[in-house]
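Working notes, beginning with the structure itself.
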Amino acid sequence: LYAEHLLVNATPNIKLADLKGLARTMARRGAKLIVVDYLTLIQHGDSRMPRHERVGEVSKSLKGLARELNVPVIAHTQLARTAEGQMPNLAELRQSGEIEEDADLVMLLHRERDEVSEAIQTSLIVAKNRNGPCGTVRLMFRPRCGRFDLEEQR
């Protein structure tokens, strides 16, 4: 899908080498941001290698790619199931602690449904930030509008 300023490549289970080649091409064409959804689906390394090692190598490669291209790379990943129902933290990044080590910024989302207003209270947790402060921002997701608003102070 091409739009004026947006390229979406929905190749399932893309190989890391193919992703890097595509990212280089996009950067040459003026890409200002690369988003990977989702980090643990990128194919890399020997399938007999432990999953956490393969994910760690992908994480390191994406960090190197961002530096090489001088373009931010945002990589989505999943938290461990143990995070369900509680405020998440860095230890619950799924598959590899190397994600935490490599990332410059880690943001986690925690949602709770407000049954009265039907809005979804969301905490955006800045759990790691090499270049600024960490903390939590309270947001409200408005499903009817498909948008987040800053939560009003009570």
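Restricting to segment 87-104, give me the number of residues that are among the polar types (S, T, N, Q) and at pLDDT 80 or above.
Selection size over segment 87-104: 1.
Scanning segment 68-103 for residues that are closer than 26 Å to Met49 by Cα and charged (D, E, K, R) returns Arg81, Glu92, Arg94, Glu98, Glu100, Glu101, Asp102. Which of (1) closer than 20 Å to Ala127 by Cα; (2) at pLDDT below 90; (3) open to solvent by 80 Å² or more (accessible area, probe 1.4 Å); (4) not in a helix (DSSP H, G or I) is the odd one out, the single condition Met107 does not satisfy? Going through the list (1) closer than 20 Å to Ala127 by Cα; (2) at pLDDT below 90; (3) open to solvent by 80 Å² or more (accessible area, probe 1.4 Å); (4) not in a helix (DSSP H, G or I), Met107 breaks only (2).
Within the set Pro88, Pro12, the sole residue that is part of a loop (DSSP other than H, G, I, E, B) and surrounded by 15 or more Cβ atoms within 10 Å (Cβ to Cβ) turns out to be Pro88. When segment 41-69 is limited to residues that are of a type in the set (Ser, Thr, Tyr) and assigned to a helix (DSSP H, G or I), the one that is nearest to the chain's Cα centre (by Cα) turns out to be Ser59. The one condition from (1) aliphatic (A, V, I, L, M); (2) under 24 Å from Thr25 (Cβ atoms); (3) open to solvent by 80 Å² or more (accessible area, probe 1.4 Å) that Ala66 does not meet is (3). For segment 25-40, residues that are outside any loop (DSSP other than H, G, I, E, B) and surrounded by fewer than 15 Cβ atoms within 10 Å (Cβ to Cβ) total 3.
The values are calculated or read from the model by the stated rules, or taken from the named source; none is laboratory data. Computed from a prediction, not measured in an experiment: that's the story for all the values here. Note that we place each Cβ from the backbone using ideal geometry, even for glycine, and neighbour counts take in every protein chain shown. These area figures cover heavy atoms from the full protein model, side chains too; ligands, DNA and RNA do not enter into them. Shrake-Rupley method; radii C 1.70, N 1.55, O 1.52, S 1.80 Å.
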